Amino acid sequence: MPDPRTVRDYIRTIADFPHEGIMFRDVTTLFADPRGFRMAIDQLLHPFAGQRIDKVVGLEARGFIIGGAIAHQLSLGFVPVRKKGKLPGAVIFEEYQLEYADAVVEIHDDAIAPGEPILLVDDLLATGGTAEAGIRLIERLGGEIVGCAFIVDLPELGGRARIEGMGLNVHTLCAFEGA
């Protein structure tokens with residue numbers, strides 16, 4: 001009998017983490033279940049079937065898990081976008097705003113060749129600030145983003161509209177209200 005669960009069913013919600021009033025959407029429970037994890041990877045890939053993609057870019061940190069699995073499934077290279085100071089060698093960086101602070105992400109300056117089609121992935125799309133910073137890094141290196149894929153969308157925080165406003169395709173597997 002087929003499993004009637006959806007990707008959303010594998011994700012637990014933890015109230016008041018990391019701060020009071022936050023409903024944290026924990027994808028580690030999804031990653032821990034082999035059926036749920038496989039389902040998520042397959043569904044993230046589905047809309048991009050038949051499209052040329054040369055590399056998968058994952059945003060720190062859970063985007064590394066998803067991106068690595070997708071890159072493996074497609075026999076592609078994987079490129080990490082990391083927090084400042086975590087990558088060795090020459091990097092370019094992008095500053096952006098978080099809810100309560102400024103942040104910086106980096107990518108190796110030779111990670112993407114001009115014209116390479118890129119799929120950007122992460123676990124969760126909230127305000128879209130980190131995703132936008134990653135997109136800007138990819139574009140500065142000349143990469144062409146074919147789409148952005150996320151497991152969870154928090155629509156009330158506006159990230160999807162922000163990324164789609166940049167002219168990019170956004171694919172998510174589930175949404176949660178009440179961030």
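Observations
- Test result for GLY128, at positive phi and either touching a Pro at 6+ places or on another chain (Cβ under 8 Å) or charged (D, E, K, R) (or both): no
- Residue satisfying condition, being under 27 Å from ARG12 (Cβ atoms), modelled with pLDDT of 95 or more and not acidic (Asp, Glu), within set VAL121, VAL146: VAL121
- Filtered residue count, the range 30-50, keeping only those that are within 14 Å of THR6 (Cβ to Cβ) and touching a Phe, Trp or Tyr at 6+ places or on another chain (Cβ under 6 Å): 4
- Conditions (1) closer than 30 Å to HIS46 by Cα; (2) in contact with a strand residue (DSSP E or B) (Cβ under 6 Å, 6 or more places away or on another chain); (3) without any contact (Cβ under 8 Å) to a residue 60 or more places away in the chain: number failed by GLY58: (3)
- Counted residues, the range 127-152 - those being part of a strand (DSSP E or B), touching a Phe, Trp or Tyr at 6+ places or on another chain (Cβ under 8 Å) and of a type outside the set (Val, Ile, Thr): 2
- Checklist (1) within 30 Å of ALA111 (Cα to Cα); (2) among the basic types (Lys, Arg); (3) touching a helix residue (DSSP H, G or I) at 6+ places or on another chain (Cβ under 9 Å) applied to LYS86, failing item: (3)
The values are calculated or read from the model by the stated rules, or taken from the named source; none is laboratory data. Because the structure is a prediction, the values reported are computed rather than measured. Virtual Cβ from ideal backbone geometry, glycine too; neighbours counted across all protein chains shown.
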